[in-house]
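A.B. asks: Once you've had a glance at the structure underneath, I'll fire off some questions.
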Amino acid sequence: MKFAELLNLMAELDERTGYPMPVPPGFASRWSEGLGLGRRGSGRLLFTGALYQLVPYIEGTVELLRSLERAEGVGWAALRAARVASRRLDLSLLVRPDPELVEWSRRVLRSMARLLLASGAEFDYVPELSDMYSGALLRDYGMAEAFRRHAERVVRAVRSAGYEELIVVDPHTMETVTRGYQEVLGEGLKAVNYMELVRPTARRGLAATVHDSCVYARKLGIVDRPRELLREAGVNVKEVSRSGRWTYCCGGPLEALLPSLAQAVAATRVRELAGAGDTAITMCPICYVNLRRASRSSGVPIRLLDLAEVIGGE
């Protein structure tokens, strides 16, 4: 019943707002302010999938879920009440995103956009399309019907606007809009990862290890390209034993359903990464937020940076 209440709430929020977490209006496109992005008739759409923008709210929701876990029956009764209230009230008022995470997600996305511009990549940015959510969490949690409806909305919006290809910026969005949509609709969207289109614009005198996203490394086979970019940016890449296709999970797939187990998995990974040095580079917002939380709660210090921050910088 606990998980069913959470999943039902996510599905209901997604149906009404397009996002499976309580979020304020307009949150997904604030990162782009002042960059001068827009329609350029390129036929290629920058599609953030809104995952970087969502992670501060996912983190805030996870903290709320921890409170519910501690409250046991009373807490989950409150969640049932929240489902009913969500039809009339703005539940984003109950979720307190960390301002530091909000600023980090903004900075990373701006770095990605500037890298694409500096590298001569042609693309359009249309907020109401570019910052739609991909539906990745709905698929990950087995919410088949909710995911199918979400996928239909995204595909219809992108194709009706005439776009032939997406530029995506995180592993979950890339795997979702291609293979995930193929699974439920019989066809996916064509997508290219931003890493394939950019060159570093910064040089860093930095030694760091790489935390490979499970989705990038095992499902999509993206292992070499981030290391090529880092080395081109002057980074001395140090590998941990569980890296590349043998990477170890950050705990992300469990965070909204089993926060305590997710934290234990992430703490194991943080200790591994910290054993190789004081800095680790991530390429996925879910990985970043889970490892960040685990570092703080376990007392194992490690500096976490997103790839785009390192090779570009805001």
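A.B. asks: Checking Pro171 against (1) surrounded by fewer than 23 Cβ atoms within 10 Å (Cβ to Cβ); (2) under 16 Å from Ala191 (Cα atoms), which single condition isn't satisfied?
C.D. replies: Of everything listed in (1) surrounded by fewer than 23 Cβ atoms within 10 Å (Cβ to Cβ); (2) under 16 Å from Ala191 (Cα atoms), Pro171 misses just condition (1).
A.B. asks: Restricting attention to the stretch 114-135, which residues are at negative phi, open to solvent by less than 10 Å² (accessible area, probe 1.4 Å) and not aromatic (Phe, Trp, Tyr)?
C.D. replies: Leu115, Leu116, Asp124, Val126, Ser130, Asp131, Ser134
A.B. asks: In addition: Restricting the search to the stretch 111-132, which residues are more than 10 Å from Leu37 (Cβ to Cβ), touching a residue at least 12 places away in the same chain (Cβ under 8 Å) and not in a helix (DSSP H, G or I)?
C.D. replies: If the condition is that a residue be more than 10 Å from Leu37 (Cβ to Cβ), touching a residue at least 12 places away in the same chain (Cβ under 8 Å) and not in a helix (DSSP H, G or I), then Ser119, Ala121, Glu122, Asp131, Met132 are the ones that fit.
A.B. asks: Inspect all residues belonging to the stretch 198-210 and state whether any of them is in contact with a His (Cβ under 9 Å, 6 or more places away or on another chain) and not basic (Lys, Arg).
C.D. replies: Looking for residues that are in contact with a His (Cβ under 9 Å, 6 or more places away or on another chain) and not basic (Lys, Arg), one finds none in the stretch 198-210, hence no.
A.B. asks: With the structure loaded, tell me whether Tyr248 is out of contact with any Leu (no Cβ under 7 Å at 6 or more places or on another chain), farther than 24 Å from Leu46 by Cβ and either hydroxyl-bearing (Ser, Thr, Tyr) or at pLDDT 95 or above (or both) or whether it fails that test.
C.D. replies: The answer is yes for Tyr248.
A.B. asks: Something else now. Taking the stretch 220-246, which residues are in contact with a Ser or Thr (Cβ under 9 Å, 6 or more places away or on another chain), open to solvent by 10 Å² or more (accessible area, probe 1.4 Å) and not in a strand (DSSP E or B)?
C.D. replies: Passing the criteria: Leu220, Ile222, Val223, Glu239, Val240, Ser243.
A.B. asks: For residues in the stretch 146-168 being of a type in the set (A, V, I, L, M, F, W, C) and touching a residue at least 60 places away in the same chain (Cβ under 8 Å), which is surrounded by the fewest Cβ atoms within 10 Å (Cβ to Cβ)?
C.D. replies: Once the filter is applied, the top-ranked residue is Ala161.
A.B. asks: Would you confirm whether or not the stretch 77-86 contains a residue that is of a type in the set (S, T, N, Q), modelled with pLDDT under 90 and surrounded by fewer than 19 Cβ atoms within 10 Å (Cβ to Cβ)?
C.D. replies: Within the stretch 77-86, one or more residues are of a type in the set (S, T, N, Q), modelled with pLDDT under 90 and surrounded by fewer than 19 Cβ atoms within 10 Å (Cβ to Cβ).
A.B. asks: Right, here's the next one. Taking the conditions exactly as written (farther than 26 Å from Gln53 by Cα, at pLDDT below 90 and open to solvent by 10 Å² or more (accessible area, probe 1.4 Å)), does Gly277 satisfy them or not?
C.D. replies: yes
A.B. asks: Return a yes/no flag: does the stretch 297-307 have any residue that is part of a helix (DSSP H, G or I) and touching a Lys or Arg at 6+ places or on another chain (Cβ under 7 Å).
C.D. replies: Scanning the stretch 297-307, I find no residue that is part of a helix (DSSP H, G or I) and touching a Lys or Arg at 6+ places or on another chain (Cβ under 7 Å), so the answer is no.
A.B. asks: Next question. Could you give every pair whose Cβ atoms fall below 9 Å, whose first residue belongs to the stretch 19-31 and is open to solvent by 30 Å² or more (accessible area, probe 1.4 Å) and modelled with pLDDT of 95 or more, and whose second residue is basic (Lys, Arg) and outside any loop (DSSP other than H, G, I, E, B), counting only separations of at least 6 or pairs across chains?
C.D. replies: Arg30/Arg106
A.B. asks: With the condition kept exactly as written, say whether any residue in the stretch 210-217 is more than 30 Å from Glu5 (Cα to Cα), among the small types (Gly, Ala, Ser), open to solvent by 30 Å² or more (accessible area, probe 1.4 Å) and out of contact with any Leu (no Cβ under 7 Å at 6 or more places or on another chain).
C.D. replies: No, the stretch 210-217 contains no residue that is more than 30 Å from Glu5 (Cα to Cα), among the small types (Gly, Ala, Ser), open to solvent by 30 Å² or more (accessible area, probe 1.4 Å) and out of contact with any Leu (no Cβ under 7 Å at 6 or more places or on another chain).
A.B. asks: Here's a follow-up. Which one of these is of a type in the set (Gly, Ala, Ser) and buried (at least 22 other Cβ atoms within 10 Å of the Cβ): Gly180, Gly205, Gly188?
C.D. replies: Matching residue, one of Gly180, Gly205, Gly188: Gly180.
A.B. asks: If only one of Leu258, Leu230, Leu197 is without any contact (Cβ under 8 Å) to a residue 24 or more places away in the chain, more than 18 Å from Val300 (Cα to Cα) and not basic (Lys, Arg), which one is it?
C.D. replies: Every option except Leu258 fails the conditions.
A.B. asks: Which one is farthest from Thr178 (Cα to Cα) among residues in the stretch 32-52 that are open to solvent by less than 10 Å² (accessible area, probe 1.4 Å) and either modelled with pLDDT under 90 or of a type in the set (Ser, Thr, Tyr) (or both)?
C.D. replies: Tyr52
A.B. asks: For the stretch 139-199, give me every one of the helices (runs of 4 or more DSSP H) that falls completely inside it and has 2 or more residues that are closer than 26 Å to Leu116 by Cα, modelled with pLDDT of 95 or more and of a type in the set (Gly, Ala, Ser).
C.D. replies: 144-160
The values are calculated or read from the model by the stated rules, or taken from the named source; none is laboratory data. Keep in mind the model is a prediction, meaning the values are calculated, not measured. Quick reminder, even Gly has a Cβ in these numbers, built from the backbone with ideal geometry, and neighbours come from all protein chains shown. These area figures cover heavy atoms from the full protein model, side chains too; ligands, DNA and RNA do not enter into them. Shrake-Rupley method; radii C 1.70, N 1.55, O 1.52, S 1.80 Å.
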